[in-house]
1. Do the conditions hold for residue 68, that is, is it open to solvent by 50 Å² or more (accessible area, probe 1.4 Å), farther than 22 Å from residue 224 by Cβ and outside any helix (DSSP H, G or I)?
2. Mind counting the residues in region 140-170 that are open to solvent by 20 Å² or more (accessible area, probe 1.4 Å), aliphatic (A, V, I, L, M) and either closer than 19 Å to residue 71 by Cα or not in a helix (DSSP H, G or I) (or both)?
3. Just checking, does region 71-93 include any residue being part of a helix (DSSP H, G or I) and in contact with a Pro (Cβ under 9 Å, 6 or more places away or on another chain)?
4. Is it true that residue 95 is buried (at least 20 other Cβ atoms within 10 Å of the Cβ) and of a type in the set (Ser, Thr, Tyr)?
5. Looking only at region 21-35, decide whether some residue is of a type in the set (S, T, N, Q) and within 27 Å of residue 192 (Cα to Cα).
6. Just to check your reading of the model, which residue among 114, 120 is polar (S, T, N, Q), over 22 Å from residue 249 (Cβ atoms) and open to solvent by less than 10 Å² (accessible area, probe 1.4 Å)?
7. Any residue in region 27-51 that is free of Cβ contacts under 8 Å to residues at least 12 places away in the same chain sitting within a Cβ distance under 9 Å of a residue that is open to solvent by 60 Å² or more (accessible area, probe 1.4 Å) and among the β-branched types (Val, Ile, Thr)? List the pairs, counting only those 6 or more apart or interchain.
8. If you take the residues in region 13-54 that are among the hydroxyl-bearing types (Ser, Thr, Tyr) and open to solvent by less than 20 Å² (accessible area, probe 1.4 Å), which one is farthest from the chain's Cα centre (by Cα)?
Amino acid sequence: MSKEKWVSFLLSVICGFTVANIYYIQSIVPIVMNDLHISYYMISMIYTISLTGNVLSLIFITPLGDFFDRKYIISILFLILSLSCLFLFFSTNIYEIYICSFFLGIGVCIIPITIAYISTHVDFGIKYIGKIMSGVLLGALSSRFLSSLFTSIWNWRSIYLFSSIMMIVSLFAIQKILPQECKRNSKEGFKYINIVVNSFSFLFKDKNVRIYSIYGFMVMAVFSSFWNNISIYLSDNFSLNQIYIGLFSLTGVAGVSVSIFSNSILKK
């Protein structure tokens with residue numbers, strides 16, 4: 001395997017494990033709910049809080065890549081992910097899990113920052129983006145099986161200890177494969193607050209941004225509604241154990257094959 005293909009594969013795997021952090025909880029909802037003796041409403045909020053953290057990070061942290069070394073920001077976010085997973089592993093109540101989940105959502109903005117980095121760097125290019133998105137989709141869909149597998153063998157917390165270790169490994173891998181960015185000076189009048197404000201102003205100024213935002217919202221709403229509720233449905237109505245719930249989640253992995261053709265579709 002050439003160095004280019006190896007780096008492309010490694011980045012896809014890293015991004016897959018990164019995004020998986022906010023999806024591990026979905027297939028193990030019944031187990032966590034019984035273990036903590038809480039309601040389904042409270043346990044279902046874990047994923048929502050993760051998404052809230054992710055949205056806020058996309059708005060307020062991603063623009064920092066225009067002012068600071070993106071590789072440094074990515075490293076900090078990997079540390080946040082690793083520590084959040086570790087604290088979640090030792091958590092004793094749902095409120096501690098909420099806090100950890102929020103920071104997991106923040107850390108997942110590593111992915112758009114990485115994509116922004118490689119799309120502008122001469123050693124990489126836009127052709128990597130399709131492969132990374134394949135890894136992201138595969139990570140999101142296979143995460144449920146992985147968490148179910150760990151829960152069946154050990155306990156539901158073990159997946160987060162595993163993820164904490166993987167985030168540290170990913171940190172060292174990123175340090176190795178991504179070259180350091182040159183020090184950049186921001187242009188005169190080019191301010192962080194302007195970027196944040198412009199992100200919102202485009203919703204009012206550009207019709208296409210509004211349309212694609214609505215499409216993205218609807219797709220994500222359907223995707224999240226199904227996968228965030230399917231585990232408790234399978235458990236209550238079909239009496240499936242954790243390993244079978246995990247196997248059911250693998251049916252969604254077939255859909256990731258579509259992203260393999262993303263590069264050729266984008267070129268057209």
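1. Numbers: open to solvent by 50 Å² or more (accessible area, probe 1.4 Å): yes; farther than 22 Å from residue 224 by Cβ: yes; outside any helix (DSSP H, G or I): yes.
It is true that residue 68 is open to solvent by 50 Å² or more (accessible area, probe 1.4 Å), farther than 22 Å from residue 224 by Cβ and outside any helix (DSSP H, G or I).
2. 3
3. Taking region 71-93 as the starting set, the residues that turn out to be part of a helix (DSSP H, G or I) are 71-89.
Remaining after also requiring in contact with a Pro (Cβ under 9 Å, 6 or more places away or on another chain): 71.
Yes, region 71-93 has at least one match.
4. Working: buried (at least 20 other Cβ atoms within 10 Å of the Cβ): no; of a type in the set (Ser, Thr, Tyr): yes.
So residue 95 fails the test.
5. We begin by selecting, within region 21-35, every residue of a type in the set (S, T, N, Q); these are 21, 26-27, 34.
With within 27 Å of residue 192 (Cα to Cα) added as a condition, the list becomes none.
No: zero hits.
6. Values: 120 fails: open to solvent by less than 10 Å² (accessible area, probe 1.4 Å).
Unique residue meeting the criteria: 114.
7. Every condition considered, no pair remains.
8. Looking at residues that are among the hydroxyl-bearing types (Ser, Thr, Tyr) and open to solvent by less than 20 Å² (accessible area, probe 1.4 Å), I get 27.
The values are calculated or read from the model by the stated rules, or taken from the named source; none is laboratory data. None of these values were measured; they are calculated from a predicted model. Neighbour counts run over all protein chains shown; Cβ positions are idealised from the backbone, glycine included. Keep in mind that these areas ignore ligands, DNA and RNA; they rest on the heavy atoms of the full protein, side chains included. Shrake-Rupley method; radii C 1.70, N 1.55, O 1.52, S 1.80 Å.
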